[in-house]
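Report on one structure; see the data block that follows.
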């Protein structure tokens, strides 16, 4: 088959080996562009080795363009047909996705893990993705040790990847030293350092993995009866809080009244001076002289 000739091929005979979720707005823009000016660049496919007779081709690159054509109710799409194995096809599709995303994205990190799982070495992954071997090595270390929380922090640019690895390799006593070293290297300063401390504390209390969304208890549906019961419980809780607040205010008023009596007693004032307690907190003085009423 030719490597250069563009052919019109049936859309429903193309198999997507490495499907990707796409940004809805960007995809909509692509559809609008293709609808107005047509396809600027053909997709790339290879002859399939699938045992499913429904497919003739495997998609190498161009999933977004293919799905846009489907949305526009087209039955055929311009394509360049190349000779490639399923493994090469998967790799080319993966690398195209990597090249189109920022190197700090969480999906890129997972794709690095996918390449490693498929047997590619550090050098091969670095060469094919355009990343450094050190970056690839660090990301793989975090992936293999289940450090989802640290990976998310790297993805959000809260912690440099090398610092995340240092934390992952340290025990509780060594983590503080890792943060100190990162501070001295000017890698964690100000708000970044504060975020790093919060992430480490969350990792210590909640574990390496990110929390999974929780379903309702025991999988039960929320009923109208349950909602009314929850409302009544919340009302009772707030009523109890108000009663406690009122009781606290009454006690505070009693204490203020007692202090006023004491501070009008010259013997008490003399005793305070003898004990070296001449000063009183400003807040108490304000309350005694009614400059500030209790809330």
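Each reported figure results from applying straightforward, stated rules to the coordinates on display, with no laboratory input. These numbers were taken from a predicted model, which means no experiment stands behind them. Note: ideal-geometry Cβ built from the backbone for every residue, glycine included; neighbour counts use all protein chains shown.
Numbers below:
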| item | result |
| --- | --- |
| Gyration tensor (Cα) of region 223-288, equivalent ellipsoid semi-axes in angstrom | 46, 10, 8 |
| Range of Cα positions in region 161-210 per principal axis (Å), largest first | 28, 21, 18 |
| Histogram of C-alpha separations across region 6-92, 5 Å bin width, % | 3, 15, 26, 25, 18, 9, 3, 0 |
| Distance in nm between pseudo-label sites at residue 262 and residue 205 (7 Å out along the Cβ direction from Cα) | 3.7 nm |
| For region 145-163 versus region 230-254, the gap between their alpha-carbon centres in whole angstrom | 44 Å |
| Computed FRET value (nearest 0.05) for residue 85 with residue 41, which takes r as the C-beta separation and R₀ as 25 Å | 0.60 |
| log₁₀ of I(q)/I(0) at q = 0.15, 0.18, 0.21, 0.23 Å⁻¹ - region 103-206, Debye sum with one point per alpha carbon | -0.60, -0.83, -1.06, -1.21 |
| Nearest-0.05 FRET efficiency for residue 255 and residue 198, computed from C-beta distance (R0 35 Å) | 0.35 |
